[in-house]
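Visitor: Okay, here's the structure, questions in a sec.
The values are calculated or read from the model by the stated rules, or taken from the named source; none is laboratory data. Quick caveat: nothing in here was measured; it's all calculated off a predicted structure. Heads up, the Cβs are rebuilt from the backbone with ideal geometry, glycines too, and the neighbour counts pull from every protein chain shown.
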Amino acid sequence: MRKPFSKSRSPIKARPVRVPGQSLNDARMDLMEDRVLTPLLVSGGLFIAAVLKWTEEFTGTVYSPWWITTCFLLAVIFTAYRVIRVLPLIRRMQQGEDGEKAVGQFLESLRSDGYHVFHDVVGDGFNIDHVLIGPAGIFTVETKTWSKPARGETVIEFDGESISRLGREPDRNPVIQAYAQAGWLRSVLQESTGYTLSVQPVILFPGWFIKSSGRPKRPIWALEPCALPVFLGNKNPVLDKSRIHAISYNLSRFIRNSEEERIQRERSFWHAMKPKKISIDD
């Protein structure tokens, strides 16, 4: 098992700007915590105390305070253990979310160059962080917001087939993941448009210097986000405006249909969970 870096820092120099609806989301979460979660916890504690008291009232049994105190301490220890275990994961998820937001906001600037940008395209058990459709072609973009060492070099090496960070390969090869995402999107678009399309994967590493030492067998880019517009500009145009709009329309329709199907599945699930009314004939 590989040891994590003892001292590390986020590669994101500045936090992403706010996204649409974030104020409402923050207010909603604060309201949930203040008006729902806190009263529920207080009510739960009072309910337990009331049950114990009524049990004493009806049974005449007097419970030792050590019994409830022991249960409380065990609950505190269990909660602390779970929180300590999950905090690193939460921090990594937050860092990943910040990276995707920062890259997403950066990619939005490519719209002025004729690119259509899609974010968080959901597949079957996975998601593509971003999709670009424009003059240079169709690109899937995977963002890897890896922590950087507090000191020393921040170099990622790409040999055309695998990626290593500070001389160590990650548990999951991002190259294989990127190829799989591009293959899935290619199938989706070809089925919906009828076109024979080429989709190129791109892996972006915010805040890292990428050192390429080999030539990949299949087209793939491993870049720092700021280098992406240069690579796109150096690529010969392969799609005209009408083809870009047609492909983007079909992908947009696929995304909306997939979201509608997901909502319908959730509704069906909760509908099935509802208790059924039993009618009794006289």
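Visitor: So how many residues does the range 148-176 have that are part of a helix (DSSP H, G or I) and surrounded by 17 or more Cβ atoms within 10 Å (Cβ to Cβ)? Working first, answer last.
Guide: Within the range 148-176, the subset part of a helix (DSSP H, G or I) is 174-176.
Narrowing the set further to residues that are surrounded by 17 or more Cβ atoms within 10 Å (Cβ to Cβ) leaves 174-175.
So the count comes out to 2.
Visitor: Shifting gears a bit: For Gly207, work out the one condition from (1) under 22 Å from the mean Cα position of the chain (by Cα); (2) at negative phi; (3) crowded, with 18+ Cβ neighbours inside 10 Å; (4) not polar (S, T, N, Q) it doesn't fulfil.
Guide: (2)
Visitor: Considering each of Ile68, Ile48, Ile77 in turn, give the residue that is within 35 Å of the chain's Cα centre (by Cα) and either outside any loop (DSSP other than H, G, I, E, B) or modelled with pLDDT of 75 or more (or both).
Guide: Details: Ile68 fails: within 35 Å of the chain's Cα centre (by Cα); Ile48 fails: within 35 Å of the chain's Cα centre (by Cα).
Of the residues listed, the single one that is within 35 Å of the chain's Cα centre (by Cα) and either outside any loop (DSSP other than H, G, I, E, B) or modelled with pLDDT of 75 or more (or both) is Ile77.
Visitor: Can you pull out every residue in the range 141-156 that is under 16 Å from Asn173 (Cβ atoms) and over 15 Å from the mean Cα position of the chain (by Cα)?
Guide: Of everything in the range 141-156, just one residue is under 16 Å from Asn173 (Cβ atoms) and over 15 Å from the mean Cα position of the chain (by Cα), namely Ile156.
To keep it simple, each residue is scored yes or no on (1) on the phi > 0 side of the Ramachandran plot; (2) among the acidic types (Asp, Glu).
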position	(1), (2)
Gly152	yes, no
Glu157	no, yes
Ile163	no, no
Leu166	yes, no
Ile176	no, no
Ser192	no, no
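Visitor: Next question. Give the residue that is farthest from His119 (Cα to Cα), with candidates limited to residues of the range 133-147 that are hydrophobic (A, V, I, L, M, F, W, C) and crowded, with 22+ Cβ neighbours inside 10 Å. Write out each step before concluding.
Guide: Going residue by residue through the range 133-147, those that are hydrophobic (A, V, I, L, M, F, W, C) are 133, 136, 138-139, 141, 146.
Filter once more, keeping what is crowded, with 22+ Cβ neighbours inside 10 Å: 133, 138-139, 141, 146.
Numbers: Ile133: 12, Ile138: 14, Phe139: 12, Val141: 9, Trp146: 20 Å.
So the residue we want is Trp146.
Visitor: Could you identify the single residue in Ile247, Ile203, Ile210 that is in a helix (DSSP H, G or I), of a type in the set (Val, Ile, Thr) and either within 23 Å of Thr145 (Cα to Cα) or touching a residue at least 40 places away in the same chain (Cβ under 8 Å) (or both)? Lay out the reasoning, then the answer.
Guide: Details: Ile203 fails: in a helix (DSSP H, G or I); Ile210 fails: in a helix (DSSP H, G or I).
The unique qualifying residue is Ile247.
Visitor: Within the range 116-127, track down each residue that is in contact (Cβ under 8 Å) with a residue 40 or more places away in the chain and touching a strand residue (DSSP E or B) at 6+ places or on another chain (Cβ under 6 Å).
Guide: Across the range 116-127, the qualifying residues are His116, Phe118, Val121.
Visitor: Here's another thing I want to ask about it. Would you mind stating whether Phe126 is within 21 Å of the chain's Cα centre (by Cα), over 17 Å from Arg92 (Cβ atoms) and surrounded by fewer than 14 Cβ atoms within 10 Å (Cβ to Cβ)? Talk me through it step by step, then tell me what you get.
Guide: On the way: within 21 Å of the chain's Cα centre (by Cα): yes; over 17 Å from Arg92 (Cβ atoms): yes; surrounded by fewer than 14 Cβ atoms within 10 Å (Cβ to Cβ): yes.
Taking the combined requirement at face value, the residue satisfies it.
Visitor: Any residue at all in the range 185-199 that is surrounded by 19 or more Cβ atoms within 10 Å (Cβ to Cβ) and part of a loop (DSSP other than H, G, I, E, B)?
Guide: Yes, there is a match, as at least one residue in the range 185-199 is surrounded by 19 or more Cβ atoms within 10 Å (Cβ to Cβ) and part of a loop (DSSP other than H, G, I, E, B).
Visitor: Right, something else. Looking at the range 129-140 only, could you name the residues that are at negative phi and either of a type in the set (Gly, Ala, Ser) or within 24 Å of the chain's Cα centre (by Cα) (or both)?
Guide: So the first thing to find is which residues in the range 129-140 are at negative phi, and the list is 129-136, 138-140.
Hits for the range 129-140 are Asp129, His130, Val131, Leu132, Ile133, Gly134, Ala136, Ile138, Phe139, Thr140.
Visitor: OK, next. State whether one or more residues within the range 82-103 are without any contact (Cβ under 8 Å) to a residue 24 or more places away in the chain and more than 21 Å from the chain's Cα centre (by Cα).
Guide: Yes: the range 82-103 contains one or more residues that are without any contact (Cβ under 8 Å) to a residue 24 or more places away in the chain and more than 21 Å from the chain's Cα centre (by Cα).
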